[in-house]
Amino acid sequence: MNPRGRNRRLRTVAGASALLLAGMLGTAACAGDESEGGSAAAGSTSALPSNPATGEPVKIGFVSTEGGAAVSLPEMREGAEAAVEYLNNNGGGLAGRPIELVVCKQQEEPTSATACANQFVEQKVAAVLSPGTSQGPAIVPIVIGAGIPYVTLNGVSAVELMSPEVAALSAGLPGTLTAAATAAQQEGMSKFTMFASDGGGIAGMIDQMGKPIFQGFGVELEVVPVPLGTPDPTPVVAAGLTSNPDGVSFIGDAATCTSVLKAVQTTAPTVKKVLIPTCLDENVVKAIGIDTIEGNIGITATDALSDRPDTVLFRSIFAEYAPDLSPNGYGSTGYQTVMALAGAASGISGEVNAASIQEALRTAANVEMPAGGGITFTCNGTAFPMMPSICSGQMLIGEINDQGIPVNLTVTG
């Protein structure tokens with residue numbers, strides 16, 4: 001592929017990721033405090049260990065999406081702060097050292113995001129963490145230009161997907177497509193229709209990337225664009241179902257997912273659904289009714305309900321340090337980002353600084369994602385070579401329970 005074509009494809013991929021992130025962030029902002037409440041997730045907890053960190057604190061920057069007119073997610077910061085409290089008081093810190101979390105709140109627009117990046121450089125942080133932001137183009141060049149590694153749970157922009165100084169921990173869109181194809185194969189499907197919010201050629205990119213992935217699982221994929229702003233997508237959905245697929249999915253924002261799933265229920269109520277996290281937001285579930293999705297397949301990157309040791313620890317940390325946060329809410333993203341860095345940096349000996357953290361990220365192999373249900377990450381550029389910042393191709397799939405949460409999870413990818 002020539003460089004110009006490659007750059008166009010990267011921009012399209014980034015656009016798709018931005019759309020997914022915008023859907024997640026926008027829905028959470030609408031949900032307000034409804035995602036909170038520590039009793040939302042059932043499951044056991046345990047006593048926390050006693051292994052306090054010692055020595056001089058290591059400054060770690062944290063990009064917090066807060067205070068914007070449209071988007072504000074303090075839960076992400078609160079989840080990160082709970083992880084830091086645990087590491088400092090109970091979990092041995094970051095390679096033995098306590099963490100000083102340098103939080104900067106930005107409003108998902110370039111001015112505040114740039115100010116945060118400059119603050120991190122001025123504070124001489126050893127790494128910058130972000131659960132996910134659309135402002136990577138404003139933040140990343142400043143941060144990595146100062147020699148500071150940047151770690152994100154959800155890479156969005158091209159600079160977050162292609163820079164060797166960036167570690168994008170989750171599987172992103174390639175992992176989502178692979179997880180959907182895995183679910184389709186396991187359910188014995190031969191034909192699958194994926195509806196996609198269409199903007200900037202996103203549906204075409206999903207078609208180009210997704211068809212070979214599904215073909216590798218022996219499933220025929222049809223991608224149906226849903227024009228942005230369509231008030232009633234029923235005609236589009238009905239046309240997309242004329243091939244009588246065995247399963248359907250949707251990629252895009254939560255509001256459009258709601259209308260698409262309602263149209264699917266009207267047109268083909270018995271077709272099997274494979275749903276991404278955006279479509280399992282509690283507001284979507286309330287709007288379409290739990291009966292329409294219970295027993296179908298959900299895709300996720302967080303295991304909040306099992307009895308795996310890392311998941312029990314996750315619930316125990318929230319119970320101790322963030323009792324008002326639900327493990328099923330957005331606080332898990334801040335938690336996972338902090339704890340994943342600690343896991344990758346566990347082998348550092350000597351100084352804990354930007355250089356040693358960067359080296360630890362590049363060389364750590366098969367690090368277990370905290371509360372990740374068995375997902376691992378390796379940030380050496382091999383997980384998805386087209387986007388070498390991505391550290392994992394794995395996601396989780398499981399049957400959706402009566403709360404709209406995937407359970408009995410298995411790792412894909």
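Annotations
- At R0 = 56 Å, FRET efficiency that the Cβ-Cβ distance of residue 124 and residue 283 yields, to 0.05: 0.85
- Shape call, the range 61-126: gyration tensor on alpha carbons, a/c limit 1.5: oblate
- Using the Cβ-Cβ distance between residue 365 and residue 191 with R0 set to 51 Å, the FRET efficiency from 1/(1 + (r/R0)^6) comes to roughly 0.85.
- Under 26 Å of direct C-alpha separation, and excluding same-chain neighbours fewer than eight residues apart, residue 105 reaches these lysines: 59, 124.
- Eligible lysines near residue 272 by straight Cα distance, threshold 18 Å, same-chain separation 8 or greater: 191, 262
- The figure for residue 351 is an accessible area of roughly 130 square angstrom, using a 1.4 Å probe on the protein chains alone.
- On the basis of the beta-carbon distance and an R0 of 51 Å, residue 308 and residue 355 show a calculated FRET efficiency of 0.95.
- Between residue 103 and residue 238, the contour length at 0.36 nm per residue exceeds the alpha carbon distance by 43.9 nm.
- Net charge of Cβ neighbours under 13 Å - reference residue 303; Lys, Arg +1; Asp, Glu -1: -1
- Net dipole in debye of the chain [+1 Lys, Arg Cβ; -1 Asp, Glu Cβ; about Cα centre; nearest 20]: 1240 debye
- One chain, two ends: residue 115 and residue 319. Fully extended at 0.36 nm per residue, the span grows by 70.1 nm beyond their Cα-Cα distance.
- Three-way shape call for the range 308-413 based on the alpha-carbon gyration tensor, with the a/c threshold at 1.5: oblate
- Prolate is the label for the chain. Its Cα gyration tensor axes, ordered a ≥ b ≥ c, give a/c of at least 1.5 and a/b above b/c.
- Candidates 162, 76, 395: whichever shows maximal mean-square fluctuation once the chain is modelled as a Gaussian network with Cα springs under 10 Å: 162
- Residue with peak Gaussian network fluctuation, the chain [Cα springs, cutoff 10 Å], from 58, 140, 236: 236
- Extension gain from residue 56 to residue 246, taking 0.36 nm per residue of separation minus the Cα-Cα distance: 62.6 nm
- Simple label model, 7 Å out from Cα along Cβ direction - residue 407 to residue 208, nm: 4.2 nm
- Taking the range 361-413 and dividing mean pair separation by its residue count, relative contact order in percent (alpha carbons under 8 Å, at least six apart): 25 percent
- Carbon plus sulfur fraction of accessible area for the range 178-266, probe 1.4 Å, in percent: 51 percent
- Fraction of beta bridges assigned by DSSP in the chain that are antiparallel (%, nearest 5): 25 percent
The values are calculated or read from the model by the stated rules, or taken from the named source; none is laboratory data. Bear in mind that the values here come from a model prediction, so they are computed numbers and not experimental data. As a convention, Cβ positions derive from the backbone with ideal geometry for all residues, glycine included, and neighbour counts pool all protein chains shown. Accessible surface areas use protein heavy atoms only, side chains included; no ligands, DNA or RNA. Shrake-Rupley method; radii C 1.70, N 1.55, O 1.52, S 1.80 Å.
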